[in-house]
Amino acid sequence: GVDGFEGWASYKKHLTAIIDQMKKSSKNYIVTALEEQTADHNKVKTCTASLQGSMKGGGLESHFSIVFRSMTIDDIDSPTGVSYKFATNKIPGERISAKSPMEMFSDLYINNDVVEAYKKIFEYYAE
């Protein structure tokens, strides 16, 4: 059988190969991941993609130039009382891995609509 070390090495190798293949491709990709929240010794929470082994703790996000975080925002104008948004960059006072060029989006939060987000990304890089 495979021991634990060999299993985690294989996991990292295959995940890295997939990421490398995406980077080499001329196609555009959307990668989704579950979020993991961890707290340091001062109880400050950090939110990153939930991965295992040495890829844990921001390893996935470091491979991409644009990372959104899906969020719900209180919205009194919405029938449900919340709006579903993407955070496009770091939120002051929070440790999240959202990032994009500062000029790409005029707001910190955009609608949780991947087609709308793609259009803004293409517009930005077409300039």
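The values are calculated or read from the model by the stated rules, or taken from the named source; none is laboratory data. From a predicted model like this one, the values you see are computed outputs, not experimental measurements. Ideal geometry is used to build each Cβ from the backbone, glycine not excepted, and the neighbour counts take in all protein chains shown. Side chains included, ligands, DNA and RNA excluded: accessible areas come from the protein's heavy atoms. Shrake-Rupley method; radii C 1.70, N 1.55, O 1.52, S 1.80 Å.
When restricted to residues that are in contact with a Gly (Cβ under 7 Å, 6 or more places away or on another chain) and either at pLDDT below 70 or of a type in the set (Ser, Thr, Tyr) (or both), the stretch 36-74 contains 1.
Being in a helix (DSSP H, G or I), within 30 Å of Glu6 (Cβ to Cβ) and not hydroxyl-bearing (Ser, Thr, Tyr), is that true of even one residue in the stretch 45-57? Yes, because at least one residue in the stretch 45-57 is in a helix (DSSP H, G or I), within 30 Å of Glu6 (Cβ to Cβ) and not hydroxyl-bearing (Ser, Thr, Tyr).
Let's see how each residue does on (1) within 30 Å of Glu127 (Cα to Cα); (2) under 19 Å from the mean Cα position of the chain (by Cα):
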| site | (1), (2) |
| --- | --- |
| Phe5 | no, no |
| Ala9 | no, no |
| Ala17 | no, yes |
| Asn42 | no, no |
| Lys45 | no, yes |
| Met71 | yes, yes |
| Ser78 | no, no |
| Phe86 | yes, yes |
| Asp107 | yes, yes |
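Screening Ala117 on (1) at pLDDT 85 or above; (2) surrounded by 15 or more Cβ atoms within 10 Å (Cβ to Cβ); (3) outside any helix (DSSP H, G or I) shows it passes everything except condition (3). Check whether at least one residue in the stretch 75-90 is modelled with pLDDT under 90, among the hydrophobic types (A, V, I, L, M, F, W, C) and at negative phi, and report yes or no. No. Scanning the stretch 62-106 for residues that are assigned to a loop (DSSP other than H, G, I, E, B), out of contact with any Lys or Arg (no Cβ under 8 Å at 6 or more places or on another chain) and over 29 Å from Asp40 (Cβ atoms) turns up Asp75, Ile76, Asp77, Ser78, Pro79, Thr80, Gly81, Glu103, Ser106. When Ser26, Ser97, Ser50 are checked against the criterion of being at negative phi and open to solvent by 100 Å² or more (accessible area, probe 1.4 Å), a single residue qualifies: Ser26. Of the listed requirements (1) among the charged types (D, E, K, R); (2) open to solvent by less than 80 Å² (accessible area, probe 1.4 Å); (3) more than 17 Å from the chain's Cα centre (by Cα), Glu36 misses just one: (3).
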